[in-house]
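Read the structure below first, then the notes.
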Amino acid sequence: MPKHLELKLSHPFRGIIWNTVADGNQPRLFLEVRDVKEKKVSFSALNLQNYEWLWKDLALEEPWWVSLAAISAEVLLFTVYTDTNNPDKKSLLAWDVSANKMSWWYNGFAFSGANNLYVKGIDTKFGAKETVLDVFSGKVVPQSDFHLDDSQNFPVIRPFQYEEGTAHFDTVTDFLRSRLGVTPLITIDYLEFKQLILVSVFVKEKDLANYLYVFDSGGGMLFEEKLGENLKGVGLDTFFIYSDHLILVKNKNELITYKLL
């Protein structure tokens, strides 16, 4: 492994890693994993300081119609779809991360945002009223108590996406052809971070395949990772940087983290 990266974790799940939420206050990553065949969803929390799981494969009372919304202080927020025939009917569930138990529930609430003190959204029980909740109790607070300057800092760095036919796409394609003989298709994820150049591309094999290439600042290739094969279409957010870690999802079900040195 090159000196710029150190493999810290490789963990496969029984299901598709559907969503990830990064903590803006502590180096913690929350994952939503869906088992499509069983129609079950589970949630896991990873501490990136010691690479230990705070908890893993957590199943809520609602087995399927629930998804990650946000992390606010020590409260993890979930959107629960209370009417499977009407996706507009939602409620909000708050989970205490440290105690690993439910904190509160607010029925008829469409989540729109949160900071370290408050949750904002639309109360749908009686029309559509913009409402602010205290994140720790779930109680309604006056609108004047919601301050935007309290908002969290989300240190997630995502790549630029260059679509086929654009000048940036052509420039990166020329670079990859000259270095590796690779011809990308459809879209390229591209990021320069510290001394690294990270490029995620889709190429034609039997079907589409997704590769991540990491180069040093001089254009020398450090390593490659095949993230997927036999794909029917391209995906978005194939990698991101968080808390000085490169975060990857391989084959839709394996979480891989590299420490950036």
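The values are calculated or read from the model by the stated rules, or taken from the named source; none is laboratory data. Predicted model, so just to flag it, every value in this text is computed and none were measured. Because the Cβ atoms are built from the backbone with ideal geometry, glycine has one as well, and the counts that use them run over all protein chains shown. Remember, those area values only see protein heavy atoms, side chains included, never the ligands or the DNA or RNA. Shrake-Rupley method; radii C 1.70, N 1.55, O 1.52, S 1.80 Å.
Data for the structure
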| quantity | calculated |
| --- | --- |
| Counting all C-alpha pairs of the chain, share separated by more than 35 Å (%) | 25 |
| Semi-axes of the equivalent ellipsoid for region 1-67, Cα gyration tensor, largest first, Å | 25, 14, 9 |
| Anchor K226: lysines whose Cα lies under 24 Å away (excluding residues fewer than 8 positions away in-chain) | K3, K8, K194, K204, K206, K250, K252, K259 |
| GNM result for the chain, Cα springs below 10 Å: residue of F240, F223, F202 fluctuating most strongly | F223 |
| Inverse mean reciprocal Cα-Cα distance (Kirkwood Rh) of region 1-142, Å | 16.1 |
| Folded to 0 to 90 degrees: helix 167-180 orientation relative to the chain principal axis, Cα | 50 |
| Carbon and sulfur %, accessible surface of region 150-261 computed with the full protein complex present, 1.4 Å | 49 |
| Most mobile of V66, V140, V75 in a GNM of the chain (Cα contacts under 10 Å) | V140 |
| Normalised per residue, the volume of the convex hull around the Cα set of region 158-261 (Å³) | 94 |
| Listed residues G138, G15, G220, most fluctuating in the chain (Gaussian network, C-alpha, under 10 Å) | G220 |
| Alpha carbon centroid spacing (whole Å) that separates region 159-179 from region 7-40 | 30 |
| Accessible area in square angstrom per residue, the chain, 1.4 angstrom probe | 51 |
| Candidate lysines for bridging to K89, where Cα separation is under 18 Å - those fewer than 8 sequence places away on the same chain excluded | K120, K125, K129 |
| Relative intensity, log₁₀ I(q)/I(0), of region 83-122 from a Debye sum that treats every alpha carbon as a point, q = 0.18, 0.28 Å⁻¹ | -0.59, -1.02 |
| Dipole magnitude (debye, nearest 20) for the chain, charges at Cβ of Lys, Arg, Asp, Glu | 540 |
| Accessible surface of region 1-110 [probe 1.4 Å, protein heavy atoms]: carbon and sulfur percent | 46 |
